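The values are calculated or read from the model by the stated rules, or taken from the named source; none is laboratory data. Predicted model, so just to flag it, every value in this text is computed and none were measured. Here Cβ is always computed from backbone atoms with ideal geometry, including for glycine, and neighbour counts include all displayed protein chains.
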Amino acid sequence: MSDDTITKLTLESLRDLFQLAGYRVETLTDPVANMSYLRSGTNGLAFDVRPGNRIGDEEQSFIDVALIAVLQVQGELPLDVVNRWNATRRFARLQLSPPFLALSLDFSVAGGVTQNNLRAQIEIWDHLVQQLVAYLREELANLSKAKAPAPAASAALQTPATDRVAETDVPHTVQ
């Protein structure tokens, strides 16, 4: 890897960087914003690489980028699960906007960085995505256990008057 200082990014330079790190990357265009961006994936989770602030009149160059993975939530996901993630992790933020849960990480080349620094940012992202998947599995399992009926209450749930399951009793899933 080069020790040259990088002071601006392009989609092409980012695509090359992600491919050097072992990712498959495709270029897409947002039909609403009419803007190109990259899509890749890690640990079975797709994510977008969205360009940030443009550099002056250079239409294809930008100084920062956002990595964003969006998951769809089925059921209710308590905010304390999201807040606990944000309180215990650095670099990436988790945001809940039902029915979507988004993980995002921003990085910047302002002032100049090396290619090794950008590669480290990608590795941090990869680790955080892996941690998120494990974290959500554990938290959703804990939520399911907390909502599981006690053995004595189980019989009451099977009576004709209570054969309908409340929406809050539906298992929580994130896709």
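Things to note:
- A count restricted to the stretch 58-86 and to residues that are among the aliphatic types (A, V, I, L, M) and farther than 30 Å from Leu9 by Cα stands at 5.
- When the criteria are applied in full, Arg50 fails the requirement of being out of contact with any Ser or Thr (no Cβ under 8 Å at 6 or more places or on another chain), within 25 Å of Val133 (Cα to Cα), part of a loop (DSSP other than H, G, I, E, B) and not hydrophobic (A, V, I, L, M, F, W, C).
- Test for Leu128: is it touching a Lys or Arg at 6+ places or on another chain (Cβ under 8 Å) and modelled with pLDDT of 95 or more: yes
- Taking the criterion of being surrounded by 12 or more Cβ atoms within 10 Å (Cβ to Cβ) and basic (Lys, Arg), the residues of the stretch 18-50 that qualify are Arg39, Arg50.
- Pairs meeting the criteria (first residue in the stretch 111-137 and more than 25 Å from Thr5 (Cβ to Cβ), second residue of a type in the set (Phe, Trp, Tyr), beta carbons under 8 Å, at least 6 apart or on different chains) are Leu128/Phe91; Val129/Phe47; Leu132/Trp85; Tyr135/Trp85.
- Boolean, Ile63 is surrounded by 14 or more Cβ atoms within 10 Å (Cβ to Cβ), under 17 Å from Leu118 (Cα atoms), in contact (Cβ under 8 Å) with a residue 12 or more places away in the chain and among the aliphatic types (A, V, I, L, M): yes
- Scan the stretch 59-78 for residues that are modelled with pLDDT under 95 and outside any strand (DSSP E or B) and the total you get is 4.
- Residues located in the stretch 66-104, provided they are under 30 Å from Thr7 (Cα atoms), surrounded by 15 or more Cβ atoms within 10 Å (Cβ to Cβ) and over 12 Å from the mean Cα position of the chain (by Cα): Arg89
- Restricting the stretch 15-47 to residues that are in a loop (DSSP other than H, G, I, E, B) and closer than 19 Å to Ala102 by Cβ, the residue that is modelled with the highest pLDDT: Val32
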